[in-house]
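In what follows, a structure is listed as structure tokens, so that the remarks can point back to it.
The values are calculated or read from the model by the stated rules, or taken from the named source; none is laboratory data. All values reported here derive from a predicted model rather than from experimental measurement. Reconstructed Cβ throughout: ideal geometry from the backbone, glycine too, with neighbour counts over all protein chains shown.
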């Protein structure tokens, strides 16, 4: 959708802010590309967006699709609705509810999208929600999530290395944040058992860096702003993939370089597993294999 010049959906009021995906136009472009793959060939789409993320809602509404948006925070829903290009669109139904309490009928949605959905939940709730999304998604539907994940052998550096790269212009402020928080051999950012990240402990570490002269007060304050909304459950990438595979076939996994050089964010594009029995000759890596298989079955019946 962006091949013909710059779409207005890339021009977001949240550009550069921490409540992603507005961290980068490249991130928004990738969301649009993957959504285009999700809806290819479909005559009609009913999409579910988990959270009030204005850019994801705009993507659905720009295509004139039917949208249901669910978020538990009414104030956040109103605030982010005001940032949309297609705000208060007649195709959108807003539901104020907890994701864990969703009770839409089976096979309701053709597409489900979310940004940082699983990272906002505990490990147990992650599995429960995926099971429920699998139930609500049509057999031919797609699930597109962008989630934070780290690799087991991710490199860790002395904090001075990250500060130097930032001051030399090689890092943006998001890279500095994630570098000091996740790629720092002097700071253990994630609880090994729960995989929760504890931001207050990181803020204390930033204060120590100021006291030692490693960071300036201005740099410390910038990092605090970045971290205001970042409280995550971050699994290892392999563990997150395994969790998703319990209920979904992976169609594509893409590293989101648009959010920074050290970004821990990945796009996961999936289709429901177990709802349609496919023959052995259908390769798992084949794109849109469910649609192709159903089309071939219809052709043979005719």
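Within region 199-210, is there a residue that is outside the structural domain of residue 274 (by TED's automatic domain parsing), under 21 Å from residue 125 (Cα atoms) and either assigned to a helix (DSSP H, G or I) or touching a strand residue (DSSP E or B) at 6+ places or on another chain (Cβ under 9 Å) (or both)? Yes: region 199-210 contains one or more residues that are outside the structural domain of residue 274 (by TED's automatic domain parsing), under 21 Å from residue 125 (Cα atoms) and either assigned to a helix (DSSP H, G or I) or touching a strand residue (DSSP E or B) at 6+ places or on another chain (Cβ under 9 Å) (or both). Using the structure shown, decide if residue 135 is assigned by TED's automatic domain parsing to the domain that holds residue 268, surrounded by fewer than 18 Cβ atoms within 10 Å (Cβ to Cβ) and closer than 27 Å to residue 244 by Cα. Here the answer is yes, as residue 135 does meet what is asked. The selection criterion, being part of a helix (DSSP H, G or I), farther than 20 Å from residue 261 by Cβ and more than 27 Å from the chain's Cα centre (by Cα), does not hold for residue 161.
One line per residue, one yes/no per condition, for (1) part of a strand (DSSP E or B); (2) out of contact with any helix residue (DSSP H, G or I) (no Cβ under 7 Å at 6 or more places or on another chain); (3) under 18 Å from residue 144 (Cα atoms):
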| position | (1), (2), (3) |
| --- | --- |
| 77 | no, yes, no |
| 80 | no, no, no |
| 83 | no, no, no |
| 87 | no, no, no |
| 90 | no, yes, no |
| 103 | no, yes, no |
| 119 | no, yes, yes |
| 124 | no, yes, no |
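Within the span defined as region 8-30, one or more residues are within 19 Å of residue 253 (Cβ to Cβ), touching a strand residue (DSSP E or B) at 6+ places or on another chain (Cβ under 8 Å) and modelled with pLDDT of 50 or more. Please go through region 134-154 and give me each residue that is under 17 Å from the mean Cα position of the chain (by Cα) and in a loop (DSSP other than H, G, I, E, B), ordered by number. Scanning region 134-154 gives a single hit, 151.
Could you please let me know if residue 216 is without any contact (Cβ under 8 Å) to a residue 12 or more places away in the chain and under 25 Å from residue 194 (Cβ atoms)? For residue 216, the condition - without any contact (Cβ under 8 Å) to a residue 12 or more places away in the chain and under 25 Å from residue 194 (Cβ atoms) - is not met.
Within region 221-251, being farther than 23 Å from residue 153 by Cβ, at pLDDT 90 or above and surrounded by fewer than 16 Cβ atoms within 10 Å (Cβ to Cβ) holds for 221, 246. Residue count for region 105-116 satisfying the condition of being within 26 Å of residue 195 (Cα to Cα), touching a helix residue (DSSP H, G or I) at 6+ places or on another chain (Cβ under 7 Å) and either modelled with pLDDT under 95 or not in a strand (DSSP E or B) (or both): 1.
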